[in-house]
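Taking it in order: structure first as structure tokens, then the write-up.
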Amino acid sequence: MTILNTLDPLDLKILLALIRDPRIQIGELSDSLGIARNTAQSRVRRLLRTGVLSPGGREVDLEAVGYDVVAFVTIEVSHRELDGVVAALRLIPQVLEVHEISGRGDVWCRVVATDTHNLQSSLRKVLRIKGVIRTETVLALHTHIPYRTEPLISGLSGTADPDKIS
């Protein structure tokens, strides 16, 4: 479900400020955006209530803002061009992560898109990068376990809940 059509420019400015500084306090947020503290507080609460922001942190639900296509792209690269390829991938906003990998391919990326046409456009940008030989794209159909770190840290601290970890 997309909530993008209910977000106004102020909501987007608030999200961007929270992404850039996840520890920002409401007072600082309101000062930096030139809005009343109550306005900032109520907007952040609404973003939390609608699921755009995760309750445990300042992570944005990309599906809620219109990016509901997730793809994993494996890229084969001319090794002399690896640094240039990574630098060019950094300039594509839909590229969320880039990892140098072993095995088939050289680079793995997580890419989001608003629809398959938007994904195709992003993939064409990737293919035009100097040094990219070929790509292989796999679409994510459903996220069963989102990115998480709590089980690892719980295990390290000895506070893991045995009922939650299998």
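Derivation of every value follows stated rules applied to the coordinates shown; laboratory data play no part. Model, not experiment: these values are computed from the prediction. No Cβ is skipped: glycine too gets one built from the backbone with ideal geometry, and neighbour counts run over all protein chains shown.
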Exercise. In degrees, nearest 10, range 0 to 90: what is the angle between the Cα axis of helix 37-49 and the longest Cα principal axis of the chain?
Worked result: 50 degrees
For this session: Name the residue farthest towards the positive end of the dipole of the chain from the options S121, L48, L62, assuming +1 on Cβ of Lys and Arg, -1 on Cβ of Asp and Glu, about the Cα centre.
Result: S121
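Over the chain, what is the mean sequence separation of C-alpha contacts under 8 Å (at least six apart), divided by residue count, expressed as relative contact order in percent?
It comes to 20 percent, rounded to a whole number.
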Problem set entry | Lys, Arg +1 and Asp, Glu -1 on Cβ, resulting dipole of region 1-110 about Cα centre, debye, nearest 20 | 500 debye
Exercise. According to a simple spin-label model (label point 7 Å from Cα along Cα-to-Cβ), what is the distance in nm between R148 and D31?
Worked result: 3.8 nm
Exercise. Could you give me the ³J(HN,Hα) list for region 73-82, computed from phi with Karplus coefficients 6.51, -1.76, 1.60 and θ = phi - 60°, whole Hz, x at Gly and Pro?
Worked result: 10, 9, 10, 8, 10, 5, 4, 5, 9, 4
For this session: Take the alpha carbon atoms of region 114-155, find their center, do the same for region 58-84, and report the distance between the two centers in whole angstrom.
Result: 4 Å
Seminar exercise, completed: On the formula 1/(1 + (r/R0)^6), with r taken between the Cβ atoms of R23 and R110 and R0 of 30 Å, the FRET efficiency rounded to 0.05 is 0.75
Exercise. Which of the peptides 22-31, 110-119 is most tightly packed, and how do the rest follow, going by the mean number of other Cβ atoms within 10 Å of each residue?
Worked result: 110-119, 22-31
For this session: Report the charge-dipole magnitude of region 67-140 in Debye, nearest 20, computed about the Cα centre from +1 at each Lys and Arg Cβ and -1 at each Asp and Glu Cβ.
Result: 240 debye
Exercise. Considering only the other residues whose Cβ falls under 13 Å of the Cβ of I35, what net charge follows from Lys and Arg at +1 and Asp and Glu at -1?
Worked result: -1
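What 222 nm value per residue comes from the helices of the chain, counting each DSSP H run with n ≥ 4 as -39,500 (n - 2.57) and dividing by all residues, nearest 500 deg cm²/dmol?
One gets -11000 deg cm²/dmol as the mean residue ellipticity at 222 nm.
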Exercise. For semi-axes √(5λ) of the Cα gyration tensor in Å, the choices are (1) 43, 17, 13; (2) 32, 23, 16; (3) 24, 19, 14; which was calculated from the structure?
Worked result: (2)
Exercise. Residue-wise, which Karplus ³J(HN,Hα) couplings in Hz belong to region 101-113, taking 6.51 cos²θ - 1.76 cosθ + 1.60, θ = phi - 60°, and x for glycine or proline?
Worked result: 10, 9, x, 5, x, 10, 9, 10, 10, 9, 10, 10, 8
For this session: Order the peptides 64-70, 87-93 from the highest to the lowest mean number of other Cβ atoms within 10 Å of their residues.
Result: 64-70, 87-93
